[in-house]
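We did not get these values from a lab; they are worked out from the coordinates using the rules stated. As the structure is a computational prediction, the values presented were derived from the model and not from experiment. Don't worry about glycine lacking a Cβ; one is built from the backbone with ideal geometry, like all the others, and counts go over all protein chains shown.
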Amino acid sequence: MIGLLIVSHSARLAEGVQEFVGQIGGDQIPVVAAGGASDGSLGTSVERILAGLEQLRAADGILALVDLGSAVMSVETALEHFSGPPVQISNAPLVEGAYLAAVEASNAEATLDQVAAAALQARELMKVYE
Amino acid sequence: MTEVVLTVNNPVGLHARPAKVFVETVRAYKSTVTIQNLSRPQTKEVPVTAFNLLQIGVRQGHQIRLRASGEDAAEVIAALTKLVEENFGE
């Protein structure tokens, strides 16, 4: 079972994405929000990300989705202190990627690579039809 | 090969949660299932995946054509028909 880690500079944004995935039926898979700086202000926190990774320790693999590239460094720093299931940081857009990843991961046999590939498709998603 | 044409009536159409339920239903069967949004002529017949469902943009009132081929083709079409006719339990 693959877990999702939602990382954002805003705690509420991360929790919002977690709520969104949960509402569309993502409750079968673990989705952890790790947003905001350690004092809750705008920013990212290695401690919050590490705590999020720890919550997902039982997963077979973890896909980390971020809002902006600047959050990647915090995730990478946290990973240096984390020895658990394999983790991939996704290049997918945060919301759409989390959605597609959640649908893929709801298949318990899905691998981390499959979930990661599904999330990445979000980069081509069209929302408005000309 | 089994085929059916259905009208989608639930408010969200084949998006978000309904799309996920649709994909999970197909996943439970062996047959391969394709879908085409007859109400958007510019979209093609595509395999049922979450990404494809979002791309063909099935809205409330749109007509979809489902085709299944495989040993349980009739069963998966029946299951999907029930899902759509019951508005995905919404």
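Observations on the structure shown:
- Among beta bridges identified by DSSP and lying wholly in the protein assembly as shown, the antiparallel ones come to about 50 percent.
- For the segment B:49-55, counting C-beta atoms of other chains within 10 Å of every residue's C-beta and taking the mean gives 6.
- Electrostatic dipole magnitude of the range A:2-124 [Cβ: Lys, Arg +1; Asp, Glu -1; Cα centre; debye, to 20]: 120
- Average projection, convex hull of the Cα set of chain B: 4.7 square nanometres.
- Taking the square roots of five times each eigenvalue of the Cα gyration tensor of the range A:2-124, the equivalent ellipsoid has semi-axes of 20, 15, 13 Å, listed largest first.
- Rounded Å value of the spacing that divides the Cα centres of the range A:44-115 and the range A:7-42: 12
- With the cut-off at under 19 Å, measuring from each backbone N in the range B:13-50 to a point 7 Å along the Cα-to-Cβ line of B:Glu3 picks out B:31-48.
- Seen from all directions on average, the protein assembly as shown presents a Cα convex hull projection of 12.2 nm².
- Neighbour cut-off at most 14 other Cβ (10 Å), DSSP loop, GluC sites (Glu not before Pro), the range B:1-46: B:Glu45
- Ordering B:Ile56, A:Ser74, A:Gln23 by the projection of their Cα atoms onto the charge dipole of the protein assembly as shown, which places +1 on the Cβ of Lys and Arg and -1 on the Cβ of Asp and Glu, puts B:Ile56 at the extreme positive end.
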